[in-house]
Amino acid sequence: MSSTSPIVGIDLGTTNSLIGAMDAGFPILLADAEDERLTPSVVHFPSTGEPLVGRAAARMRALDPANTVYSAKRLIGRRGGEATDDVSYALVGERGAAVRVQVRGREYAPEEISALVLKKLRADAGRALGGEVTRAVITVPAYFNDAQRQATKRAGELAGFTVERIVNEPTAAALAYGLDKLGDRSKVAVFDLGGGTFDISILELNQGVFQVLSTNGDTRLGGDDIDAALIADFRLRISDLVPEADARLREALVAAKHRLSFEDETRIELPFFTGAESLVRTLTRAELERVARPIVERTRAHCLRALHDAKLSPADLDEVILVGGQTRMPLVRDFVRAIFQREPNVSQNPDEAVALGATIQAGILSGAVQNVVLLDVTPLSLGIETFGGLMNVIIPRNSTIPIKAGEMFTNAVAGQRAMLIKVVQGERELVRDNWPLGEFELEFEPAPKGHARVGVQFEIDASGILHVLARDTKTGAQKVVEMTSAVDVSDEAVEKMLEESLEHAFEDMSDRVFVEAKLKSDELLPAVRQALAQAGPELDTDELALIAQRVAEVEAALAAGAGQPLKRANTALDEATQRLATLLIERALRVS
Ligand code: ADP
Ligand code: MG
């Protein structure tokens, strides 16, 4: 290797994490001291001494659940007061504040827990490569928003890495499956069902470049849900279960779930399970599938929506690849086969594909791999608030990143000295229905209404992090702000946002019509009043009465909050005041 330090690729998973590096031009995954490549993303805090990470911590999960933290990735970006997972350790967080983990009287941010996992991977890699490792590529679910990406980057930095790039998991997986070797314009679906997240992405290969046509998914859907359903179902059939037995039962059932991917039935044996009694049961694949089916079924709608967004039908796809340990389950493969009407590609180890791809991406960055460029897309639209609380989209949803886009804005009020740039994410027409990402003020020279010229530019870098630039084009004064404030996004929230935007499309349109019509009325009414004061006496009584009636209609529609009627009333008032407007112009000409 060259004198510069190598870049490692890391899959920081909800359930399991892996690390890899390029070796003689090949991506390889690195094993730890116990010769294992999969590291459970679990941290145990003993009463004294350093925290345990990985397999050692996972073993403590059953023995000391309150001091063993798992699935921390699910908490990244989560706020207090939202529905939280039923975890065995304590969570704290005031309503609206970031959720924190509480163990042994100390509080940790979720990314601090992730940092401990990354630190272990870093140490393992250092041992395997024989030197300090300081640069990394880390993957995140495609649905992670800006704040969650930032938090992941922070986790990497806390672990001592310079994070060279944040990459979407499905995109990394596509690289690992060697899709760059497919023919030009090939289209591929990446189906990733892990422990905690589900992602579906549609990619197109374009002259050696991966382009993500669409992404969809649910960051709260995965093997964990199947485990929970299996445990609940199983408990119904065992009487008088003591709570301490829960953790042991879980371990046994998850192991049974794994075996049932390869066997038709399996035995569950728990010695001395309820006091002196041992528990021995047979679990069949059919029984597992009965509880898992409704959960796996939830992936279908996301797949269909991703196809729809990419404007493709299943027949247009050239390949479907499987990613995530849970896709080992035959039932999942049946679903994928049915939805996409083709045999899925299973040539890679599904729980290693993301890490392998992250490693290839690391190789691309360090120059060890050439001829591939990765492109990703934005999961939700980004924009700013304009007059009347309307969302003005600057970067639409599913745009390919990195991307730069901008628009010019002006002042709504004469003499205004500053403009508030409110950055918002979401699909709804009104800003109040979307998520605020942050806001800042740009000062400019006072100007008559509509004369200020403020350019606003959004730039999303290759890691999916948003930078907002606002510039007064007259003076050149500008501000650049990186959006770091945490977004109020629970895991289902992105999904809900998309559903609501469809559900409320009609309402939203009429809201938008009303807001726009009201802006027009707000200009029209004072203008008519002023014109009447100046040239009113020159009109006859019929004309004056008609104008008064039209004004009353506009006011009534305003009060009723009705968009279309207000629009019509504005037009009618405009027409009724035509002659008044002409008179005013004539007077102006006479005067001068
Ligand atoms: P993540 O990306 O969330 O860290 P992984 O890709 O490592 O997750 O997948 C973990 C999930 O895969 C867990 O729910 C685990 O139970 C499940 N899993 C692992 N192996 C198997 C298997 N042989 N059959 C069924 N599910 C499996
Ligand atoms: Mg994963």
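The values are calculated or read from the model by the stated rules, or taken from the named source; none is laboratory data. Small disclaimer: the values here were computed from a predicted structure and weren't measured. Here Cβ is always computed from backbone atoms with ideal geometry, including for glycine, and neighbour counts include all displayed protein chains. Accessible surface is based on the protein model in full, side chains and every heavy atom, while ligands, DNA and RNA are left aside. Shrake-Rupley method; radii C 1.70, N 1.55, O 1.52, S 1.80 Å.
Scanning region 102-123 for residues that are surrounded by fewer than 24 Cβ atoms within 10 Å (Cβ to Cβ), of a type in the set (Asp, Glu) and part of a helix (DSSP H, G or I) yields one hit, 112. For region 7-34, the candidate set comprises residues that are part of a loop (DSSP other than H, G, I, E, B) and either over 15 Å from residue 123 (Cβ atoms) or not assigned by TED's automatic domain parsing to the domain that holds residue 56 (or both); within that set, the residue that is nearest to ligand 2 (Cβ to nearest atom) is 13. Counting only helices (runs of 4 or more DSSP H) that sit completely within region 463-572, those holding 2 or more residues that are modelled with pLDDT of 85 or more and open to solvent by less than 80 Å² (accessible area, probe 1.4 Å) correspond to 505-535, 541-560. Of everything in region 573-582 that is among the polar types (S, T, N, Q) and in a helix (DSSP H, G or I), the residue that is most open to solvent (accessible area, probe 1.4 Å) is 578. Pairing residues of region 319-336 that are near ligand 1 (Cβ under 9 Å from one of its atoms) and assigned to a strand (DSSP E or B) with residues that are among the aromatic types (Phe, Trp, Tyr) and modelled with pLDDT under 95, at Cβ distances under 9 Å and at least 6 apart in sequence or on separate chains, gives 323/177. Spot the failing condition for residue 413; the list is (1) within 32 Å of the chain's Cα centre (by Cα); (2) open to solvent by 50 Å² or more (accessible area, probe 1.4 Å), and only one is missed. Failing condition for residue 413: (1). Within region 45-53, does at least one residue satisfy the condition of being closer than 15 Å to residue 352 by Cα, open to solvent by less than 50 Å² (accessible area, probe 1.4 Å) and part of a loop (DSSP other than H, G, I, E, B)? There is no residue in region 45-53 that is closer than 15 Å to residue 352 by Cα, open to solvent by less than 50 Å² (accessible area, probe 1.4 Å) and part of a loop (DSSP other than H, G, I, E, B).
Annotation note: Cβ proximity below 6 Å between a residue of region 130-157 that is under 15 Å from residue 12 (Cα atoms) and at pLDDT 95 or above and a residue that is surrounded by 20 or more Cβ atoms within 10 Å (Cβ to Cβ) and among the basic types (Lys, Arg) (sequence gap 6+ or interchain) occurs for 137/165.
When you check residue 250 against the structure, is it open to solvent by 80 Å² or more (accessible area, probe 1.4 Å), out of contact with any strand residue (DSSP E or B) (no Cβ under 7 Å at 6 or more places or on another chain) and not in a strand (DSSP E or B), yes or no? Criteria not met by residue 250. Scan region 356-370 and give yes if some residue there is surrounded by fewer than 21 Cβ atoms within 10 Å (Cβ to Cβ) and in a strand (DSSP E or B), otherwise no. Scanning region 356-370, I find no residue that is surrounded by fewer than 21 Cβ atoms within 10 Å (Cβ to Cβ) and in a strand (DSSP E or B), so the answer is no. Checked against (1) small (Gly, Ala, Ser); (2) without any contact (Cβ under 8 Å) to a residue 40 or more places away in the chain; (3) in contact with a helix residue (DSSP H, G or I) (Cβ under 6 Å, 6 or more places away or on another chain), residue 414 passes all but a single condition, namely (3).
Just one residue in the set 159, 128, 155 is closer than 19 Å to residue 39 by Cα, among the hydrophobic types (A, V, I, L, M, F, W, C) and open to solvent by 10 Å² or more (accessible area, probe 1.4 Å); that residue is 128. Considered as a group, the residues in region 264-280 that are without any contact (Cβ under 8 Å) to a residue 40 or more places away in the chain and surrounded by 13 or more Cβ atoms within 10 Å (Cβ to Cβ) include one that is nearest to ligand 1 (Cβ to nearest atom), and that residue is 266. When 39, 68 are checked against the criterion of being away from ligand 2 (no atom under 16 Å from the Cβ), more than 24 Å from the chain's Cα centre (by Cα) and either at pLDDT 95 or above or in the same structural domain as residue 161 (by TED's automatic domain parsing) (or both), a single residue qualifies: 68.
Scanning region 3-29 for residues that are more than 16 Å from ligand 1 (Cβ to nearest atom) and in contact (Cβ under 8 Å) with a residue 60 or more places away in the chain yields 4, 5, 6, 7, 8, 21, 22, 25, 27, 28. Restricted to region 210-231, and to residues there that are β-branched (Val, Ile, Thr) and assigned to a helix (DSSP H, G or I), the residue that is nearest to residue 295 (Cα to Cα) is 226.
Suppose the filter is under 21 Å from the mean Cα position of the chain (by Cα) and either more than 13 Å from ligand 2 (Cβ to nearest atom) or in a strand (DSSP E or B) (or both); does residue 192 pass it? When the stated conditions are applied, residue 192 passes them. I'm checking my understanding of the structure. Among residues of region 416-447 that are polar (S, T, N, Q) and open to solvent by less than 20 Å² (accessible area, probe 1.4 Å), which one is farthest from residue 511 (Cα to Cα)? Result: 425.
Condition (residue is part of a helix (DSSP H, G or I), in contact with a Phe, Trp or Tyr (Cβ under 7 Å, 6 or more places away or on another chain) and modelled with pLDDT of 95 or more) applied to region 265-286: is it met by at least one residue? No: zero hits.
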